[in-house]
Amino acid sequence: QAKKNGRNTFCLFSAEIENAVNFRTALEFDLRKAIDRQEFYLHYQPQVDLGGRVIGVEALLRWQNPERGSVAPGIFVPVAEAAGLMFAIGQWVLRQACEQSVRWQLSRPDHPLVVAVNVSAIQFGHSEFTTDVSEIISRTGVNPALLKMELTETMMVDDVQETVEKMKILKGLGISLSLDDFGTGYSSLSLLKRLPLDQLKIDQSFVRDILVDASDVAIAKSIIALGSALNVDVIAEGVETLEVRDFLASIGCLKYQGYAFSRPGPAEQLQY
Ligand code: C2E
Ligand code: MG
Ligand code: MG
Ligand code: MG
């Protein structure tokens, strides 16, 4: 591409690469100090059923840096992964979420909430992952039945046997497992059948335009059918309006997460 467009384009192109590399290096430098400097915190977004009852929350990582301000996880999580920082950050997230779960459990024993935590592929692939998870569970005293992990299809492609084994260990600890951003990856049906999943999470890219896009409707319907065939729960993310919620309900999706119900926010602001 660069060659075809001549020398100037090539120079511009390499300058862009250089900028991108500098950006990542600087970000990585700041990320390395972020845990110690207590720049991370969690927001929680409710997950609701058809009646609007809050059945759980998803923990979402936030990074507030004094110079950069607030940096979105879509930006820094991939950098942290590439820099080998996501194992430590992920364990920090899990510990915080477990501690919060214990607080909710104490304040509202009548209304159990399932706390869903995102797990990155690098974190999941770490040899100490399940040992650490089990340690965090016992140290925090969280009820593992109220803990869910959101995995992605990218972590299912490498060594399927090993992935399934790890998932079974997590299930054995009492944790439930959801497949996040479902439909954006490469899972085959035969792979899915082997995974000990509890939930498929319809990616927001299929939800956003579902009222006007016939192919999104077809995709959502097939995920819902797949969920019932595999006997797993289905939840839709990115539900921004009640019209979308109603449509999803009409095709058989009964759990939702999105701005229609609440934006992610601090634990103290959760109303349920
Ligand atoms: P995700 O796990 O798919 O999380 C859902 C994202 O959609 C969140 O973005 C959430 O704020 C946003 N969202 C929720 N409702 C709506 C809606 O109605 N409309 C729209 N347009 N967006 C909505 P966020 O918090 O920026 O996180 C982005 C991604 O960063 C997450 O996607 C997840 O992949 C990653 N991430 C966040 N926290 C963590 C974490 O603790 N660990 C790991 N490994 N990844 C994380
Ligand atoms: Mg998620
Ligand atoms: Mg998602
Ligand atoms: Mg997503």
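Things to note:
- Quotient of Cα Rg and 2.2 N^0.38 Å for segment 1-146, N being how many residues it contains: 1.35
- Fully extending the segment from Thr131 to Asn19, taken as 0.36 nm per residue of separation minus the present Cα-Cα distance, adds 36.4 nm.
- Kirkwood radius and radius of gyration were both taken over the C-alpha atoms of the chain, and their ratio Rg/Rh is 0.99.
- Cα-centre dipole for the chain with unit charges at Cβ (Lys and Arg positive, Asp and Glu negative), debye to 20: 100 debye
- Net +/- balance of residues flanking Ala83 in space, Cβ distance below 14 Å, scoring K and R +1, D and E -1: 0
- Ser222 versus Val164: modelled label distance in nm, points set 7 Å from Cα along the beta carbon direction: 2.3 nm
- Lysine pairs in the chain with Cα atoms under 23 Å, if 8 or more residues apart or on separate chains: 19
- Only Cα sites of segment 143-225 enter the Debye sum here, all with the same form factor; the resulting log10 I(q)/I(0) across q = 0.20 1/Å is -0.91, listed in q order.
- With the Kirkwood sum run over all distinct C-alpha pairs, segment 85-138 has a hydrodynamic radius of 11.9 Å.
- Equivalent ellipsoid of segment 84-241: semi-axes from √(5λ) of the C-alpha gyration tensor, largest first, are 27, 20, 14 Å.
- Computed from backbone phi with θ = phi - 60° and the Karplus coefficients 6.51, -1.76 and 1.60, the 3J(HN,Hα) list for segment 92-105 is 4, 4, 4, 4, 4, 5, 5, 4, 5, 4, 4, 4, 5, 4 Hz; x is used for glycine and proline.
- Projecting the Cα atoms of Thr152, Ala121, Trp104 onto the charge dipole of segment 103-173 (Cβ charges, centred on the Cα centre) puts Trp104 farthest toward the positive pole.
- Residues considered: Ser176, Ser70, Ser205. Largest GNM mean-square fluctuation over the chain, using C-alpha springs under 10 Å, is found at Ser70.
- Surrounding net charge for Arg68, when Lys and Arg each add one and Asp and Glu each subtract one, Cβ distance under 10 Å: -3
- Distance from the Cα centroid of segment 197-270 to that of segment 63-78 is 27 Å (rounded to whole angstrom).
- Basic side chains Lys and Arg get +1 at the Cβ, acidic Asp and Glu get -1 at the Cβ, and with that the dipole of segment 72-139 about its Cα centre reaches some 200 debye.
Readers should treat all values here as calculations from the given coordinates under stated rules, not as data from a laboratory. This structure is a prediction, so every number in the text was calculated from the model and none was measured. When we count neighbours, we look across all protein chains shown, and the Cβ atoms used for this are built from the backbone with ideal geometry, even at glycine.
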